[in-house]
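Take a look at the structure set out below.
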Amino acid sequence: MSRAPFRGAIAVALLVAFLIAVSVATSRSQSPSAPARIEVTATPIGAFDPRNPAQTRFGALEFRGGLVLRSDYRAFGGFSALYLEPNGERFISVSDHGTWLRGRIVYRDGKPDQIADAEMAPLIGADGKPLRSRGWFDAESLTERDGTLYVGLERVEQIVRFNYKRDGLLARGEPIPVPPDFKSFTFNKSLECLAAVPKDLPLGGSIVVVTEHSLDSAGNLRSFVLGTGEPIRFSVKRIGNFDASDCALLPSGDLLLLERSFSLLGGLGMRIRRIPLSSIKEGAVVDGPQLIEADLGYEIDNMEGIGVHRNARGEIIVTLISDDNFLPFQRTLLLQFALPP
């Protein structure tokens, strides 16, 4: 036997072995793995207004404390939504890169002091692969009902549900039906607010959706109520240059709408409005009182997530998280305020 065919056979065998190895490695990399435990360093924020450290009341809210969060973990950052468990300790967030962050807020004297038990993991699709692998990564909104998490994905205009109660961060997401209107949203300016309404409140059993900057003919934020038969289409009045960045429900049923503004001259701004659920009807343009507004003179950044819980003293606590856009000059902040009765 000549050496040439022998060498050719070896080359083919090596190529086949290489392709098999690549296939196995790829399949392993696409399989869901245990969430990664990460270390998060938390630096307390003593005053919301550094110019007046003694001030605690800002609009209708009372500042309770905050943290600057940092981690060396590569995927840390870009957090765009927030859900807190009822006691306000454990939380979960989603990022612009299609990942979960969950952890526990450690309190000292009623103020956030540290982050413990932090973990990160990719959002997994129904096929067991990370949603990011199919281009579904820009997670911008998050809500919970009965152990199910719903995540709003911009750019692809999808809402995906996860059986978190059963499977935790390894839950596989399944898209829920959405109206054809979603295809007409402004690119990268859509699913910033999701709120799952408990069954004992007005619009009970539904999911309220408010878009970031997909505007109706009057320049207001296009919004929807899903899950109670035919979608209800309404709008949230847009005021100034603020756009929606997240929302959460109060126990009373009012919707807290977190808003953000940005301009080259004015920089970043944050605002929260309180909108009654009872005002949401087909064709309505809804509005509500402003609870707080702040600019970069205060301890804010790109505030994108909001959650609500009731503490052991019965107070309503509003928690905010910021999206640092994975940029070194921005920060991941966690801020807490009390909403007086």
Quiz item: Between a first residue in the stretch 312-324 that is touching a residue at least 60 places away in the same chain (Cβ under 8 Å) and not assigned by TED's automatic domain parsing to the domain that holds Gly77 and a second residue that is buried (at least 24 other Cβ atoms within 10 Å of the Cβ) and small (Gly, Ala, Ser), which pairs have beta carbons less than 9 Å apart while being 6 or more apart in sequence or on different chains?
Solution: none
Quiz item: So which residues in the stretch 256-272 are hydrophobic (A, V, I, L, M, F, W, C) and surrounded by fewer than 24 Cβ atoms within 10 Å (Cβ to Cβ)?
Solution: Leu256, Phe262, Leu264, Leu265, Leu268
Practice problem: Within the stretch 238-261, count every residue that is modelled with pLDDT of 95 or more and in contact with a Leu (Cβ under 8 Å, 6 or more places away or on another chain). | Solution: 15
Quiz prompt | Boolean, Ser235 is surrounded by 16 or more Cβ atoms within 10 Å (Cβ to Cβ), out of contact with any Cys (no Cβ under 7 Å at 6 or more places or on another chain) and among the polar types (S, T, N, Q) | solution = yes
Quiz item: Pairs under 7 Å by beta carbon, first residue within 30 Å of Val156 (Cβ to Cβ) in the stretch 95-118, partner modelled with pLDDT of 95 or more and hydroxyl-bearing (Ser, Thr, Tyr), six or more apart or different chains?
Solution: Ser95/Ser80; Asp96/Ser80; Leu101/Ser93; Leu101/Ser95
Practice problem: Confirm whether Arg233 is within 26 Å of Asp96 (Cβ to Cβ), among the charged types (D, E, K, R) and assigned to a strand (DSSP E or B). | Solution: no
Quiz item: Out of Leu149, Leu123, Leu142, which single residue is under 22 Å from Ser245 (Cα atoms) and out of contact with any helix residue (DSSP H, G or I) (no Cβ under 7 Å at 6 or more places or on another chain)?
Solution: Leu142
Quiz prompt | Any chance Ala218 is over 18 Å from the mean Cα position of the chain (by Cα) and of a type in the set (A, V, I, L, M) | solution = yes
Quiz item: Which is closer than 21 Å to Asp243 by Cβ, among the charged types (D, E, K, R) and over 22 Å from the mean Cα position of the chain (by Cα), of Asp295, Asp287, Asp324?
Solution: Asp287
Quiz item: Regarding Ser206, is this residue of a type in the set (Ser, Thr, Tyr) and under 20 Å from Ile92 (Cβ atoms)?
Solution: no
Practice problem: Keeping to the stretch 76-104, report how many residues are surrounded by 21 or more Cβ atoms within 10 Å (Cβ to Cβ), in contact with a Ser or Thr (Cβ under 8 Å, 6 or more places away or on another chain) and in a strand (DSSP E or B). | Solution: 12
Quiz item: What number of residues within the stretch 65-86 are within 14 Å of the chain's Cα centre (by Cα) and either of a type in the set (Phe, Trp, Tyr) or on the phi > 0 side of the Ramachandran plot (or both)?
Solution: 5
Quiz item: Which residue pairs have Cβ atoms closer than 6 Å, lie 6 or more positions apart in sequence or on different chains, and pair a first residue in the stretch 47-60 that is over 16 Å from Met270 (Cα atoms) with a second residue that is surrounded by 13 or more Cβ atoms within 10 Å (Cβ to Cβ)?
Solution: Pro53/Ala47; Gln55/Asp49; Thr56/Glu62; Thr56/Phe63
Self-check item: Count of the stretch 30-72 residues which are assigned to a loop (DSSP other than H, G, I, E, B), more than 21 Å from Tyr164 (Cβ to Cβ) and not charged (D, E, K, R)
Solution: 12
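The values are calculated or read from the model by the stated rules, or taken from the named source; none is laboratory data. Small disclaimer: the values here were computed from a predicted structure and weren't measured. A quick note on method: Cβ atoms are made from the backbone with ideal geometry, for glycine too, and the neighbour counts reach across all protein chains shown.
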